[in-house]
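Undergrad: Sharing a structure, written as structure tokens. Questions coming.
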Amino acid sequence: MRSLLAAVGVALLTALTGACTTAEDSKVSTTAEAADKGTVVEWAGLKSTTPADWKEETPSSKFRQGQFRLPKAEGDKDDAEIAIFFSPGGGGVEANLKRQTAAFQPADGKDKVGEKQDKIKVGPNDAVYQEVTGTFIKKPFPMAEKGTPMPGYKQLYVIFETKDGAVASLWLRGPEKTVEKHKKAFDEWVKNFK
């Protein structure tokens, strides 16, 4: 009985004196493990973790809530980019969908820009998932008159209005082969926003 009490006393003492160290150690390893597994993104009050190979960048514009660089596919010269937006008054869903399509010109040999839309859910929100293909006109800023044509580009665009009327949107844009390489992971990431 004495040895049982001694064992319980040692276990209790160890637990009390080592608890802070153990909790701190596990907190650090959890953070390190999360860093190896991707970045937690908060968007429109929802959260989802990116794949680990998406490189977080400083947003290139004050209008962007977040920005990521995705590694290019073999044979492509450019990486793809993800930009995340959230605006209390962002112009509405239809106007933004038209604006995304207008950022492209038809690919060589085509008479119009490739565009397809689907309805999806992002958390509790009804959203539109738009795919646009063609020649993207890369501008130094959105309202610039001239830009550089980027043939063979594709954009995956997701947009919805929150119950408060704010507009949340994000896109994955880059060379078509690179966007296709990341499409499955992108779709999964969007689906996981909760």
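Undergrad: Residues of the range 156-165 being touching a Gly at 6+ places or on another chain (Cβ under 8 Å) and surrounded by 12 or more Cβ atoms within 10 Å (Cβ to Cβ), which ones?
TA: Residues of the range 156-165 that are touching a Gly at 6+ places or on another chain (Cβ under 8 Å), as a first pass: 161-162, 165.
E161, T162 - these are the residues of the range 156-165 that are touching a Gly at 6+ places or on another chain (Cβ under 8 Å) and surrounded by 12 or more Cβ atoms within 10 Å (Cβ to Cβ).
Undergrad: Hey, does the range 166-186 have a residue that's in the same structural domain as K47 (by TED's automatic domain parsing), surrounded by 13 or more Cβ atoms within 10 Å (Cβ to Cβ) and more than 22 Å from W54 (Cα to Cα)?
TA: Of the range 166-186, the ones in the same structural domain as K47 (by TED's automatic domain parsing) are 166-186.
Next cut, surrounded by 13 or more Cβ atoms within 10 Å (Cβ to Cβ) only: 166-183, 185-186.
Okay, now just the ones that are also more than 22 Å from W54 (Cα to Cα), so 166-167.
Checked the range 166-186: at least one residue is in the same structural domain as K47 (by TED's automatic domain parsing), surrounded by 13 or more Cβ atoms within 10 Å (Cβ to Cβ) and more than 22 Å from W54 (Cα to Cα).
Undergrad: Continuing with the same structure: I want to confirm something. Restricting to the range 121-148 and keeping residues that are over 22 Å from P175 (Cα atoms) and not aliphatic (A, V, I, L, M), which single residue is surrounded by the fewest Cβ atoms within 10 Å (Cβ to Cβ)?
TA: E145
Undergrad: What are the pairs with Cβ atoms under 6 angstrom where one residue, in the range 116-129, is within 22 Å of F104 (Cα to Cα) and in the same structural domain as G165 (by TED's automatic domain parsing) and the other, located anywhere, is in a strand (DSSP E or B) and aromatic (F, W, Y)? Sequence gap at least six, or different chains.
TA: D118/Y129; A127/F160
Undergrad: If the Cβ limit is 6 Å and pairs must be 6+ apart or interchain, which residue in the range 51-69 that is within 22 Å of M143 (Cβ to Cβ) and basic (K, R) pairs with which residue that is surrounded by 16 or more Cβ atoms within 10 Å (Cβ to Cβ) and modelled with pLDDT of 95 or more?
TA: R64/A83
Undergrad: Another one. For D118, state whether it is in a strand (DSSP E or B), over 18 Å from the mean Cα position of the chain (by Cα) and acidic (D, E).
TA: On the way: in a strand (DSSP E or B): yes; over 18 Å from the mean Cα position of the chain (by Cα): yes; acidic (D, E): yes.
Against the criterion (in a strand (DSSP E or B), over 18 Å from the mean Cα position of the chain (by Cα) and acidic (D, E)), D118 qualifies.
Undergrad: It is to be established whether one or more residues within the range 106-114 are surrounded by 19 or more Cβ atoms within 10 Å (Cβ to Cβ) and assigned by TED's automatic domain parsing to the domain that holds D187.
TA: Initial filter on the range 106-114 (surrounded by 19 or more Cβ atoms within 10 Å (Cβ to Cβ)): none.
There is no residue in the range 106-114 that is surrounded by 19 or more Cβ atoms within 10 Å (Cβ to Cβ) and assigned by TED's automatic domain parsing to the domain that holds D187.
Undergrad: In the list T135, T162, T178, which residue meets the criterion of being free of Cβ contacts under 8 Å to residues at least 40 places away in the same chain and hydroxyl-bearing (S, T, Y)? Step through it out loud before you land on a result.
TA: Details: T162 fails: free of Cβ contacts under 8 Å to residues at least 40 places away in the same chain; T178 fails: free of Cβ contacts under 8 Å to residues at least 40 places away in the same chain.
Just one listed residue meets the conditions, T135.
The values are calculated or read from the model by the stated rules, or taken from the named source; none is laboratory data. Since the structure is predicted, the reported quantities are computational estimates derived from the model, not experimental observations. Please note: Cβ atoms are built from the backbone with ideal geometry, for glycine as well, and neighbour counts cover all protein chains shown.
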